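Everything below concerns the one structure shown next.
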Amino acid sequence: MSYELTGTVKEIFPEQTFASGFNKREFVINDGAEKFPQDIKFECLKERVELVGKLKQGDQVKVSFDINGREWNGKYFVNLVAWKVEAESGAAPTSDDQPPPFDPGDEVLDEEVPF
């Protein structure tokens, strides 16, 4: 199941590449809620990392994403994995219209980085 959230880009983090060759890049958007605004962190994986390179702080965007959850050493983690980012000003989308197939084997298996 896919989800969407619209907001303003608040922060963009550097790309991370792991020893396995796996890479990801994270960014934060603020949902702009009037009473209790939320800062939501997303990640782009592998070839989708290029989506984040097109963003600037302050951009109004709509993010299409999947929710991935997993257990590691008795702890549970949830990640919001973005697969499409669209400018809200009506600009062209920055990705395909379909999410990539999720393969749990693509995830980082590094003991220092459990998620």
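In a DSSP loop and with at most 12 other Cβ atoms within 10 Å, the GluC sites (Glu not before Pro) in segment 5-46 are Glu34.
Quick one: order Asp39, Asp66, Asp59 by neighbouring beta-carbon count within 10 Å, fewest to most. If you can, show how the numbers build up before the last one.
Values: Asp39 12, Asp66 15, Asp59 19.
The most exposed by this proxy come first: Asp39, Asp66, Asp59.
For a Förster distance of 35 Å, can you work out the FRET efficiency between the beta-carbons of Asn73 and Lys46, rounded to the nearest 0.05? Show your work: numbers first, answer last.
Details: r = 25 Å, r/R0 = 0.71.
FRET efficiency, Asn73 to Lys46: 0.90.
Out of segment 19-88, which trypsin sites (Lys or Arg not before Pro) are coil in DSSP terms and have no more than 11 other C-beta atoms within 10 Å? Hits after loop and neighbour filter: Lys35, Lys56.
Relative contact order of segment 1-84, please, whole-number percent, based on alpha carbon pairs below 8 angstrom and at least 6 residues apart.
On the way: 169 pairs, mean separation 26.9, N = 84.
Relative contact order, segment 1-84: 32 percent.
Applying the criteria of a DSSP loop state and at most 13 other Cβ atoms within 10 Å to the chymotrypsin sites (Phe, Trp or Tyr not before Pro) of segment 5-83 yields Phe18. Cross-linked pairs Lys35/Lys75; Lys56/Lys84; Lys24/Lys84; Lys46/Lys75; Lys46/Lys84; Lys41/Lys84: Cα-Cα separations exceed 22 Å for Lys35/Lys75; Lys46/Lys75. When the Cα positions of Gly53, Phe22, Ala33 are compared along the charge dipole of segment 18-64, Phe22 comes out farthest toward the positive end, with charges on each C-beta of Lys, Arg, Asp and Glu. For Asp59, the residues whose modelled amide H falls within less than 5 Å of its own, excluding neighbours fewer than 5 places apart on the same chain, are Val9.
Throughout, read-outs are computed from the coordinates displayed, never taken from laboratory work. Predicted model, so just to flag it, every value in this text is computed and none were measured. Note that we place each Cβ from the backbone using ideal geometry, even for glycine, and neighbour counts take in every protein chain shown.
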